[in-house]
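S.K.: To start, I am sharing the structure in question, which I have written as structure tokens.
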Amino acid sequence: MNPINDYAEIVGSETIDELKEIASHLEGKIVQNINSTAVGGGVAEILNRMIPLLKQLNVDARWDFIKGGEKFFEITKKIHNSLHGINIDITKEEFNHFDQITKDNLANMTLNGDIIFIHDPQPIGLIRAKKQADFKEKKFIWRCHIDISSANPNTFNFLKKYIELYDASVFSSPLFSKKLKIPQMLIAPSIDPLSDKNKELDKKQIIEVADRFNIDLNKKIITQVSRFDRLKDPLGVIDVYRLVKKYIDCQLILAGGSADDDPESVEVYKEVLEKANGDKDIFILNLPPTSNIEINAIQRMSTVILQKSIKEGFGLTVSESLWKKKPTIASAVGGIPLQITHKYSGLLSRTIEGTALYTKQLLQNSEYANKLGLNGHEHVKNNFLITRHIRDYLLLFIKVQYNKESIIYL
């Protein structure tokens, strides 16, 4: 893990000094983060980078996970998709099982934080602990990383009975908020510019990764990096590639993996393999969560990067590609429009045909593509780096712990 002072080269020493000053107000307080998995997905990735940096700022930040089982994570995947507006029937028995796993976790977990920071729906029910007498002084925050603007009402109402027991809630975009009885705060996610996934790589490292996967660096490359999830629409990306391939000789890389709390990913991976149908210019890379250098190199070798999500929470892979100054085309869903201003820092699209048209345009016009990439890099630098994210969280913790007016409400 890089020392916190290393980030001064990117964001300035004044920013780092400010973080240290803000963090000093949390001296002696424990911040306990809880989610459902240590690997896979944006939440785990952010916490893996953020917890050590918070500790360097002398904040007693901790990270714990709930336990479930195959049935529990199948249910929470259905809840996740239902919150995104997908029409899925979740039975009373499944909701009851969710509640039972919550009770099991409450019986076996130690909730020792002064501030208990719960991430996403899987552990949301841990708020029940607040009813205990010795938990009255603890502050609970629910952090929603999902776009719940079109959530299934039954699913949202099931969760709402928990949400409104929290002291505060956090959303990635003002569009995601709901009418709630508790304060709602806006804090966008972030990337770490010094992580293995985002740091600068020399040309030798990029060539080595390309050679390992037999990717031709002399041919144009279209890439999407995402877990194998139907909401990321990897099958639609193949359709885009095939439309472009009629006019421009190119390759497609679909690089992703799975997460411990996403049992659906194996099935989607098989569907992608079947649709690729052995095309020698389609590279389907099912990578382990530790493949950060490989993802970094793949993004840097790409000519154009796509993020053709049907639904999206925030879509940090967009920030990753923009940080690397790559021209990026993404769906206008979730938090992606916060990252891309159309025709300035990237291109927004809603259809397969539109995405293919924009892809051809960028493959044929390198000057325009480079301009979009440079603008995107500056936008990420100013808005979506981990130092800004840490500052927002520190102010949130101070606000909730001491009831100080330090956060702007939605």
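The values are calculated or read from the model by the stated rules, or taken from the named source; none is laboratory data. What you see is a predicted model; the values in this text were computed from it and never measured. Cβ placement follows ideal geometry from the backbone for every residue including glycine, while neighbour counts extend to all protein chains displayed.
S.K.: Taking the condition in contact with a helix residue (DSSP H, G or I) (Cβ under 7 Å, 6 or more places away or on another chain) and either closer than 25 Å to residue 173 by Cβ or buried (at least 22 other Cβ atoms within 10 Å of the Cβ) (or both), does residue 272 pass? First the steps, then the outcome.
M.R.: Details: in contact with a helix residue (DSSP H, G or I) (Cβ under 7 Å, 6 or more places away or on another chain): yes; either closer than 25 Å to residue 173 by Cβ or buried (at least 22 other Cβ atoms within 10 Å of the Cβ) (or both): no.
Taking the combined requirement at face value, the residue does not satisfy it.
S.K.: Looking only at segment 85-98, which residues are part of a helix (DSSP H, G or I) and of a type in the set (Asp, Glu)? It would help to see each step written out before you state the result.
M.R.: Residues of segment 85-98 that are part of a helix (DSSP H, G or I), as a first pass: 92-98.
The answer is 93, 94.
S.K.: Hey, can you tell me all the residues within segment 297-334 that are within 16 Å of the chain's Cα centre (by Cα) and within 18 Å of residue 198 (Cβ to Cβ)?
M.R.: 307, 314, 315, 316, 317, 318, 319, 320, 321, 322, 323, 330
S.K.: Among the listed residues 348, 273, 322, identify the single one that is within 21 Å of residue 146 (Cα to Cα) and not in a loop (DSSP other than H, G, I, E, B).
M.R.: Working: 273 fails: within 21 Å of residue 146 (Cα to Cα); 322 fails: within 21 Å of residue 146 (Cα to Cα).
It is 348.
S.K.: When you go through 235, 186, 231, 217 one by one, which is the residue that is among the hydrophobic types (A, V, I, L, M, F, W, C) and within 19 Å of residue 324 (Cα to Cα)? Before you say what the answer is, go through the steps one by one.
M.R.: On the way: 235 fails: within 19 Å of residue 324 (Cα to Cα); 186 fails: within 19 Å of residue 324 (Cα to Cα); 231 fails: within 19 Å of residue 324 (Cα to Cα).
None of the others qualify; the one that does is 217.
S.K.: As an exercise: evaluate residue 92 against (1) under 20 Å from residue 156 (Cα atoms); (2) free of Cβ contacts under 8 Å to residues at least 40 places away in the same chain; (3) under 25 Å from the mean Cα position of the chain (by Cα) and give the number of the one condition it does not meet.
M.R.: It fails just one condition, (3).
S.K.: Search segment 165-189 for residues being without any contact (Cβ under 8 Å) to a residue 40 or more places away in the chain and charged (D, E, K, R), and hand back the single one that is nearest to residue 126 (Cα to Cα).
M.R.: That would be 181.
S.K.: Please work out which residue is farthest from residue 403 (Cα to Cα), limiting yourself to segment 2-35 and to residues that are polar (S, T, N, Q) and out of contact with any helix residue (DSSP H, G or I) (no Cβ under 7 Å at 6 or more places or on another chain). Working first, answer last.
M.R.: In the first step, residues of segment 2-35 are kept if they are polar (S, T, N, Q); the result is 2, 5, 13, 15, 24, 32-33, 35.
Pick out the ones that are also out of contact with any helix residue (DSSP H, G or I) (no Cβ under 7 Å at 6 or more places or on another chain) and you get 2, 13, 24, 32.
Numbers: 2: 32, 13: 29, 24: 16, 32: 19 Å.
By that ranking, first place goes to 2.
S.K.: If you check residue 206 against the conditions, is it out of contact with any His (no Cβ under 8 Å at 6 or more places or on another chain), of a type outside the set (Gly, Ala, Ser), surrounded by fewer than 22 Cβ atoms within 10 Å (Cβ to Cβ) and at pLDDT 95 or above? Before you say what the answer is, go through the steps one by one.
M.R.: Numbers: out of contact with any His (no Cβ under 8 Å at 6 or more places or on another chain): yes; of a type outside the set (Gly, Ala, Ser): yes; surrounded by fewer than 22 Cβ atoms within 10 Å (Cβ to Cβ): yes; at pLDDT 95 or above: yes.
Here the answer is yes, as residue 206 does meet what is asked.
S.K.: Mind listing just one residue for me: the one in segment 99-135 that is part of a loop (DSSP other than H, G, I, E, B) and of a type in the set (Asp, Glu) and, of those, farthest from residue 151 (Cα to Cα)?
M.R.: Taking segment 99-135 first, the residues part of a loop (DSSP other than H, G, I, E, B) are 109-114, 120-123, 132.
Imposing the further condition that a residue be of a type in the set (Asp, Glu) reduces the set to 114, 120.
Working: 114: 31, 120: 14 Å.
Checking each candidate, the answer is 114.
S.K.: I would also like to ask the following. Tell me which residues, restricted to segment 122-159, are charged (D, E, K, R) and either outside the structural domain of residue 398 (by TED's automatic domain parsing) or farther than 14 Å from residue 98 by Cβ (or both). Explain how you work it out, then say what you get.
M.R.: Taking segment 122-159 first, the residues charged (D, E, K, R) are 128, 130-131, 134, 136-139, 143, 147.
Answer for segment 122-159, where residues must be charged (D, E, K, R) and either outside the structural domain of residue 398 (by TED's automatic domain parsing) or farther than 14 Å from residue 98 by Cβ (or both): 130, 131, 134, 136, 137, 138, 139, 143, 147.
S.K.: Would you please list the contacts, defined by Cβ atoms under 9 Å and residues six or more apart or on different chains, that run from a residue in segment 59-78 that is free of Cβ contacts under 8 Å to residues at least 24 places away in the same chain to a residue that is small (Gly, Ala, Ser)?
M.R.: 75/68
S.K.: Can you tell me which residues in segment 269-296 are within 19 Å of the chain's Cα centre (by Cα), closer than 16 Å to residue 234 by Cβ and in contact (Cβ under 8 Å) with a residue 40 or more places away in the chain?
M.R.: Going through segment 269-296, the residues within 19 Å of the chain's Cα centre (by Cα) turn out to be 286-296.
Now narrow it down to the ones that are closer than 16 Å to residue 234 by Cβ: 286-287, 295.
If the condition is that a residue be within 19 Å of the chain's Cα centre (by Cα), closer than 16 Å to residue 234 by Cβ and in contact (Cβ under 8 Å) with a residue 40 or more places away in the chain, then 286, 295 are the ones that fit.
S.K.: Also, quick follow-up: Here are some conditions: (1) under 19 Å from the mean Cα position of the chain (by Cα); (2) over 28 Å from residue 352 (Cα atoms). Residue 188 meets all but one. Which one does it not meet?
M.R.: (2)
S.K.: Identify, by number, the condition in (1) in contact with a Ser or Thr (Cβ under 9 Å, 6 or more places away or on another chain); (2) over 23 Å from residue 293 (Cβ atoms); (3) of a type in the set (A, V, I, L, M) that residue 352 doesn't meet.
M.R.: The failed condition is (1).
S.K.: Moving to a separate point now. Any residue at all in segment 30-53 that's free of Cβ contacts under 8 Å to residues at least 40 places away in the same chain and farther than 23 Å from residue 289 by Cα?
M.R.: No: segment 30-53 contains no residue that is free of Cβ contacts under 8 Å to residues at least 40 places away in the same chain and farther than 23 Å from residue 289 by Cα.
S.K.: Is there any pair with a first residue in segment 231-245 that is under 22 Å from residue 267 (Cα atoms) and touching a residue at least 24 places away in the same chain (Cβ under 8 Å) and a second that is assigned to a helix (DSSP H, G or I) and among the small types (Gly, Ala, Ser) whose Cβ atoms are under 7 Å apart and which are 6 or more apart or on different chains, and what are they?
M.R.: Close Cβ pairs satisfying both conditions: 238/276; 240/356.
S.K.: When the residues of segment 322-364 are filtered to those that are crowded, with 18+ Cβ neighbours inside 10 Å and among the small types (Gly, Ala, Ser), which remaining residue is nearest to residue 244 (Cα to Cα)?
M.R.: Within segment 322-364, the match that is nearest to residue 244 (Cα to Cα) is 356.
S.K.: Another question, then. Please enumerate the residues belonging to segment 211-244 that are more than 28 Å from residue 314 (Cα to Cα) and surrounded by fewer than 18 Cβ atoms within 10 Å (Cβ to Cβ). Even if it seems obvious, please write down each step before you answer.
M.R.: Taking segment 211-244 and keeping what is more than 28 Å from residue 314 (Cα to Cα), we get 211-219.
Selection gives 211, 212, 213, 214, 216, 217, 218, 219.
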